[in-house]
């Protein structure tokens, strides 16, 4: 039986929200006396609020699990679910409010790009410093130094101060150090999102190799479900600080995706936008309605019909609309060529009906991104409203339940003419 490498037992982490303390004893005493006298706090900045009582927030709530040696565990969940907090507790960046955490062996952590790197030092010096932080001797680092530099593809830049590195160069060297040094547990939090596609595949291959051949345990946090599928043999799904699933990777991804969107048919999008202030946008998607279904569930080949209400806040000669389709794990499926909505006057509100053929889509859950934009005389697009995502729907294909999405893709290409030529 494999040894237990990591053990979480009833772990919770609580944070107090708002400003806590003035930073100095003198400042705290001044604030205390001001509150006793009923006067304004002299240490608050102009416009800053007092957070009376400091409400508390449970980032992790009674989390228990164990990880065996050599396991590759993916930790997934929505933003704020507690993924990074869990890794910080394991890496001893912070301590738990209650519960116990135990592990066997040395941990190499990459919680953000370039963790532990000093910008004034060269890449070579940072490799030695980072290795020392992880508990390695100089001789051990020297023995693996050439492998680290070669893996990171940094031969020409290793003696350059890292403050001159791009974010991609940072992550390459940081990952190479963590992957090659003699740690028993490798902890990674979204760091591969910075590297290019070729390097991501190289890193995934390296993590797979150190786990299978060297027996190292890997904990990997990512929003990229494809890399989780490719690397992890087990998946833990977090939701609001609690574990809602712990088991098979593919099943865990399904739980995560089904937990993100409901299957409603009417959406109020008036306050939903990726723009900083939806009220300040020059054009706005106000609402959306799926017209031909009581629930957003379709059989392959059924037409998706929806209406959307659009408000213009200035005069447009050619306001344009873009429909982007993604699978539930955020893998892009395709984009419909942009549609010219024509002239719209300031303050005008119009309703548009769209029809979309689903016959090429395989079974699964899809998310739709909607964008309002216009093009200038140079052909450059200026986005006015981005609703990412605007709505979701599911496809069921009862006639072909054997289709392997992971191997063959999310769309079925049309038939080709096959002709035998003598």
Worksheet entry | Förster-model FRET efficiency, 56 Å R0, residue 92 and residue 336, C-beta, rounded to 0.05 | 0.70
Worksheet, complete the sentence: Among beta bridges assigned by DSSP with both residues in the chain, the antiparallel ones amount in percent, to the nearest 5, to 75 percent
Worksheet item: Looking only at 407, 296, 390, which one moves most when the chain is put into a Gaussian network model with springs between Cα atoms under 10 Å?
Response: 407
Discussion item. For semi-axes √(5λ) of the Cα gyration tensor in Å, one of [x] 42, 34, 24; [y] 38, 27, 22; [z] 52, 28, 20 was computed from the structure I shared and the rest are decoys. Which label?
Written reply: [x]
Worksheet, complete the sentence: Within the set 347, 254, 82, GNM on the chain using Cα springs under 10 Å gives the largest fluctuation to 347
Worksheet item: Given the Cα-Cα distance of residue 34 and residue 104 and 0.36 nm per residue of separation, how much length would full extension add, in nm?
Response: 20.2 nm
Item to complete: Mind giving me the nanometre distance, one decimal, between the label points for residue 287 and residue 160, set 7 Å out from Cα along Cα→Cβ?
Response: 5.6 nm
Item to complete: Evaluate E = 1/(1 + (r/R0)^6) for residue 198 and residue 376, where r is the Cβ-Cβ distance and R0 equals 22 Å; express this FRET efficiency to the nearest 0.05.
Response: 0.05
Practice prompt. Give, in nm to one decimal, the length gained when the segment between residue 303 and residue 26 is fully stretched (0.36 nm per residue of separation minus the Cα-Cα distance).
Written response: 92.9 nm
Discussion item. For a Förster distance of 30 Å, can you work out the FRET efficiency between the beta-carbons of residue 421 and residue 357, rounded to the nearest 0.05?
Written reply: 0.35
Worksheet entry | Percent RCO, i.e. relative contact order, over the chain, from Cα pairs under 8 Å lying at least 6 residues apart | 13 percent
Worksheet, complete the sentence: Label model pair residue 132, residue 407: point-to-point distance (7 angstrom along the Cα→beta-carbon line) in nm is 5.2 nm
Worksheet entry | Gained length - residue 270 relative to residue 143, 0.36 nm times residue gap less alpha-carbon distance | 39.8 nm
Discussion item. Can you compute the modelled spin-label distance between residue 118 and residue 280, with each label point 7 Å from Cα toward Cβ, in nm?
Written reply: 4.1 nm
Item to complete: Once you've got the GNM for the chain with C-alpha springs shorter than 10 Å, pick whichever of 204, 341, 32 has the biggest mean-square fluctuation.
Response: 32
Worksheet item: In region 288-422, what % of DSSP beta bridges are antiparallel (nearest 5)?
Response: 95 percent
Discussion item. Considering only C-alpha atoms, what is the centroid distance from region 209-277 to region 309-338, in Å?
Written reply: 25 Å
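Quick note: the coordinates plus some simple rules give every number you see, no bench work behind them. A quick note: this is a predicted structure, and the numbers were derived from the prediction, not measured. Neighbour counts are summed over all protein chains in view; Cβ atoms, including those assigned to glycine, are modelled from backbone coordinates with ideal geometry.
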